[in-house]
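S.K.: Here it is: the structure, laid out below.
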Amino acid sequence: MRFATYEHRARSHVAVVAEDGTLHPLPDVPSLTALLAERDGLPGLLDAGTTALAAPAGPHVSRVRLLSPLQPPTVRDFVTFEEHVEGVRRSVDGAAGVPEQWYTAPTFYFTNPYAVIGPHDDIPVPPGSTVLDFELEVAAVIGKEGRDLTPERAREHIVGYTVLNDWSARDLQSAEMRVGLGPCKGKDTATTLGPYLVTADELERYRDDDGFLRLGLTAEINGEVVGKDLLSNMSWTFEEMVAYASRGTSVRPGDVLGSGTCGNGGCLAELWGVRGAQDPPPLKPGDMVTLTVEGVGSVSNTVVTGADPVPVPAARRRTRQRP
């Protein structure tokens, strides 16, 4: 099944999307995140969807504004594509190769859940940035709480998948990560999710013998393809990522785990690192980025002019006096 959150006549609704694009709203459901917490896993979510499909239909998807399928309480963004790490490291950090530590565990950072936006919303240029980039990812969504999960147990905790675009201000990111912490403002303006939450059972037919989802990934700028890859080129499965994320802590319904950016043009910075030049150039107002994931759908966002940065003073040199 496919679940959507949409705005229609100034109200938001959660619905199941029928094959023809007709929306079947779930009554008295405030959000998809709340529904996931209530239903505690994929079987309960599918039951709710089946009930909605038997009820009267709402508008067609073409007549509404699609919002992010959910507003996640947390967003963990992993980095699981070796090709991406190699290219971006050369572009952003000026270093060659892949750090040996990368191979030991599926590293992630927490990004801003308040920055999540819908599949067709405009993207403002981050304040103070002139080097804006997209990042093509797939996100797994947690459907039931778990802690210290094994990869085998983790599969039943994944309720579905959606497309993720981790918008990145590369100039801000490069500068702030020299401190040894972050990224922060380099990743803080927008994260696209959508167009739908596709339930995990829908994608099982794409699973290969090694447990990876073999989905085609495509990135376009203004209608021109700049990147193509397979999700199965990840170095860890989503189940392994969930297991690692739950180590010593909990994953809860609505949590989002991004795959990290794919290779072969999954972002501009990787291409810049490979080519030694900003080709294609950084994104600018008016550019439209379309990301497509086989079996999941497409998101298209247009870059617009952002706000000017609010000035903050540089660090003050202190005397280090002691009481």
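S.K.: Quick one, what does Rg over Rh come out to for the stretch 1-150 if you take C-alpha atoms and the Kirkwood Rh?
M.R.: On the way: Rg = 19.1 Å, Rh = 18.3 Å.
That ratio is 1.05, to two decimals.
S.K.: Considering amide H positions built from the backbone, and no H for Pro or chain starts, which residues 5 or more places from residue 138, or on another chain, come under 5 Å of its amide H?
M.R.: Result for residue 138 returns 164, 259, 260.
S.K.: Let me check against my output: what whole-number percent is the relative contact order of the chain, with C-alpha pairs under 8 Å and at least 6 apart? Before the final figure, lay out each step's value.
M.R.: On the way: 787 pairs, mean separation 77.0, N = 323.
The value is 24 percent.
S.K.: Below 30 Å, Cα to Cα, which lysines can residue 144 reach? Residues fewer than 8 away in the same chain don't count.
M.R.: 187
S.K.: Using the Cα centre as the reference, give the magnitude of the dipole from point charges on the C-beta atoms of the stretch 1-152 (Lys, Arg: +1; Asp, Glu: -1; all else neutral), rounded to the nearest 20 debye.
M.R.: Details: 11 positive and 21 negative charges, 121 e Å.
Computed charge dipole of the stretch 1-152: roughly 580 debye.
S.K.: Sort all Cα-Cα distances of the stretch 176-323 into consecutive 10 angstrom bins from zero, then give the percent of pairs in each bin up to the one containing the longest distance.
M.R.: Spelled out bin by bin, the stretch 176-323 gives 8, 28, 33, 19, 7, 4, 1 percent.
S.K.: How many nm separate the modelled label positions at residue 95 and residue 184, each set 7 Å beyond the Cα in the direction of the Cβ?
M.R.: Calculated label separation equals 2.0 nm.
S.K.: Measuring from centroid to centroid over Cα atoms, what is the spacing of the stretch 134-156 and the stretch 86-100 in Å?
M.R.: Distance between centres, Cα-based: 27 Å.
S.K.: Also, I was wondering about something else. In percent, what relative contact order does the stretch 136-287 have, based on Cα pairs under 8 Å that are 6 or more apart in sequence?
M.R.: Values: 274 pairs, mean separation 47.7, N = 152.
Dividing the mean separation by the residue count of the stretch 136-287 yields 31 percent.
S.K.: Using a 1.4 Å probe on the protein heavy atoms only, what accessible surface does residue 103 show? Give it in Å² to the nearest 10.
M.R.: The accessible area of residue 103 comes to roughly 100 Å².
S.K.: Which residues does a label at residue 47 reach in the stretch 16-34, if reach means a backbone N under 20 Å from a point 7 Å past the Cα toward the Cβ?
M.R.: Taking a point 7 Å out along Cα→Cβ of residue 47, the residues of the stretch 16-34 whose backbone N falls under 20 Å are 16-17, 25-34.
S.K.: A follow-up question, please. Counting only heavy atoms of the protein chains, get the accessible area per residue of the stretch 213-276 (1.4 Å probe) and round it to a whole Å² value. Can you show the working numbers first?
M.R.: Working: 2130 Å² over 64 residues.
Using a 1.4 Å probe on heavy atoms only, each residue of the stretch 213-276 averages 33 Å².
S.K.: Still on this structure: Hey, with R₀ at 41 Å, roughly what FRET efficiency would residue 152 and residue 305 work out to, going by the Cβ-Cβ distance, to 0.05?
M.R.: Efficiency for this residue pair is about 0.25.
S.K.: Related question: Heavy atoms only, probe 1.4 Å: what % of the accessible area of the stretch 165-276 goes to carbon and sulfur, would you let me know?
M.R.: Numbers: 1890 of 4240 Å².
The nonpolar share, carbon plus sulfur, comes to 45 percent.
S.K.: For residue 185, which lysines qualify as cross-link partners when the Cα separation must be under 28 Å and same-chain residues fewer than eight apart are set aside?
M.R.: 228, 284
S.K.: Write down the accessible area per residue of the stretch 29-157 in Å², having rolled a 1.4 Å probe over the full set of protein chains.
M.R.: On the way: 5950 Å² over 129 residues.
That works out to 46 Å² per residue.
S.K.: If you don't mind, there's one more thing I want to ask. Hey, in the GNM for the chain with a 10 angstrom Cα cutoff, which one of 205, 214, 147 fluctuates hardest?
M.R.: Of 205, 214, 147, the Gaussian network model singles out 205 as fluctuating most.
S.K.: In 20 Å bins starting at zero, report the fraction of Cα pairs in the chain per bin as a rounded %.
M.R.: Percent of Cα pairs in each bin: 32, 56, 11, 1.
S.K.: Could I ask something else about it? Could you check how much of the accessible area of the stretch 42-84 is carbon and sulfur, as a whole percent, using a 1.4 Å probe?
M.R.: Values: 1130 of 1930 Å².
C and S atoms contribute 58 percent here.
The values are calculated or read from the model by the stated rules, or taken from the named source; none is laboratory data. A quick note: this is a predicted structure, and the numbers were derived from the prediction, not measured. Reconstructed Cβ throughout: ideal geometry from the backbone, glycine too, with neighbour counts over all protein chains shown. Ligands, DNA and RNA are excluded from the accessible area calculation, which covers all protein heavy atoms including side chains. Shrake-Rupley method; radii C 1.70, N 1.55, O 1.52, S 1.80 Å.
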